[in-house]
Amino acid sequence: MGRGFHATLVIIAAVGFVTLTLTNNNNNYFHRSLKSGQLQSPHFASRQRRAIAKLAHPNETISKTLSTAAYSYCHGNDLLEYPLPKYDACPPDSTLNIIPFFGGMTNALKFVVLGALMSFEENRCFTISEKDAHLNPGHRFGKTKNGEMGNFVDHFFEGIGLPHDHPIVKERMASGNYVVREWRQYWDSLERRRTSLHNFNYNTSMYSHPAANVDGVTLKRDFIRHMWHLLPSYRDSTCQALKDQGIFDTDYIALSVRRGDKTAEHFAFPTMRVYIREAENLVRHVFKDGEIPKIFVATDDCKTLHELRRLRPQWTFISQCDLLAEIQTGYDIKKIPKMNGKQREEHFRKFFVELYALAFSKLYIGVAYTNVAWWAYMMRPNFNQDFLEDTFILVDYSPLGQETLNYW
């Protein structure tokens, strides 16, 4: 794996999450250093040098590329530019794959991506099952509304996979020609996990990648751009919120702060001083000529925003937390089914804005113990791999965020 790291797969069965943690052979420096509230990682200086090297160069082109990528998610021709896969282009006698939707949104979508790529290689269509999904409102009643259809994926996104009322799905279900594909079938193998260690000539009737011998990370990134589209109403509200806050018009740094139910997985949370120290030496390379640093904060615990502002009152911190009707004090997946419709809408509208802002920042500073990092990294445009890796900082692990993300 390189740089003295080894992979450990940790399964948190109680909430259905899968987390890949990378630990250093040198006494697990991460948990020791964060518990003391100090950033003592031996990789700190290395990743600072890498980030500075990228940010110090004239980067108007990079800024324009990030801004253009952001606007590409916002204009009305999104589906024309990045059309959906041909979900129904499987052979008539092929088996239907059923992909379970479980865990938080980015966790669930990550496994749908892997399950879809596996299905297409097998020349099979797939449909998503929200039968046991916490994100499905029917979960709160111990059952799913309308036989589980239309409760999360169809509510927020353009169709992913075949809908349950599609003739192919109906025929396969009636004939018994279907199989549930559990997450281990496209996770335990690094090849099916599509890491950068593996290359693919991915050419199927449902989706084909234009490049030959494409690495797994690029394949996933490009496939997500075709698979994942917010419905127009959510896309428009997301983009309007970012426009109102001036996010896409100037360079900015994004902080991703995840707390909440991650305590159940025994993670030590970085303090806000850790985030500040990580950003301190980099702000002058993002903001020139005395420009006031603009920092977008994406967090499930809005109390952290007050701490950041206290530590650096001279910086401008922007967050959706300032606009909420109900303050968020930490995401807990078990509470999602208990939300009413208004709370659910506010929660996910905020989340979509945060994902967009994280993905298109000049500099990302976050943590590796959340799938939000994986999804935001995959949303970043595939234009300069070195820049993307060295400006995507995970304060809890390796000098390169991508080194960690590669094994997700």
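Observations on the model:
- In the set (1) over 19 Å from residue 369 (Cβ atoms); (2) in contact with a strand residue (DSSP E or B) (Cβ under 7 Å, 6 or more places away or on another chain), the condition left unmet by residue 287 is number (2).
- Flag if residue 344 is open to solvent by less than 40 Å² (accessible area, probe 1.4 Å) and modelled with pLDDT under 90: yes
- Among the residues of region 73-92, those identified as touching a residue at least 24 places away in the same chain (Cβ under 8 Å) and either loosely packed, with under 11 Cβ neighbours inside 10 Å or under 21 Å from the mean Cα position of the chain (by Cα) (or both) are 73, 74, 76, 78, 79, 82, 83, 84, 85, 91.
- Qualifying residue in region 304-316 (condition: touching a residue at least 40 places away in the same chain (Cβ under 8 Å) and open to solvent by 20 Å² or more (accessible area, probe 1.4 Å)): no
- Residue 129 being more than 19 Å from residue 205 (Cα to Cα) and touching a strand residue (DSSP E or B) at 6+ places or on another chain (Cβ under 6 Å): yes
- Extreme residue, farthest from residue 131 (Cα to Cα), among residues of region 371-386 that are open to solvent by 10 Å² or more (accessible area, probe 1.4 Å) and not in a helix (DSSP H, G or I): 384
- Odd one out for residue 281, checked against (1) open to solvent by 10 Å² or more (accessible area, probe 1.4 Å); (2) under 16 Å from the mean Cα position of the chain (by Cα): (2)
- Helices (runs of 4 or more DSSP H) contained in region 45-121 and holding at least 2 residues of a type in the set (Phe, Trp, Tyr): 105-121
- Residue match in region 249-257 (condition: exposed (fewer than 15 other Cβ atoms within 10 Å of the Cβ) and closer than 23 Å to residue 388 by Cα): yes
- The one condition from (1) farther than 29 Å from residue 295 by Cα; (2) under 16 Å from the mean Cα position of the chain (by Cα); (3) open to solvent by less than 10 Å² (accessible area, probe 1.4 Å) that residue 206 does not meet is (2).
- Taking (1) at pLDDT 90 or above; (2) surrounded by fewer than 19 Cβ atoms within 10 Å (Cβ to Cβ) in turn, residue 222 satisfies each apart from (2).
The values are calculated or read from the model by the stated rules, or taken from the named source; none is laboratory data. It should be emphasised that the depicted structure is a prediction, and the values quoted were computed from it without experimental measurement. Cβ atoms come from the backbone with ideal geometry, glycine included; neighbour counts cover every protein chain shown. Ligands, DNA and RNA are excluded from the accessible area calculation, which covers all protein heavy atoms including side chains. Shrake-Rupley method; radii C 1.70, N 1.55, O 1.52, S 1.80 Å.
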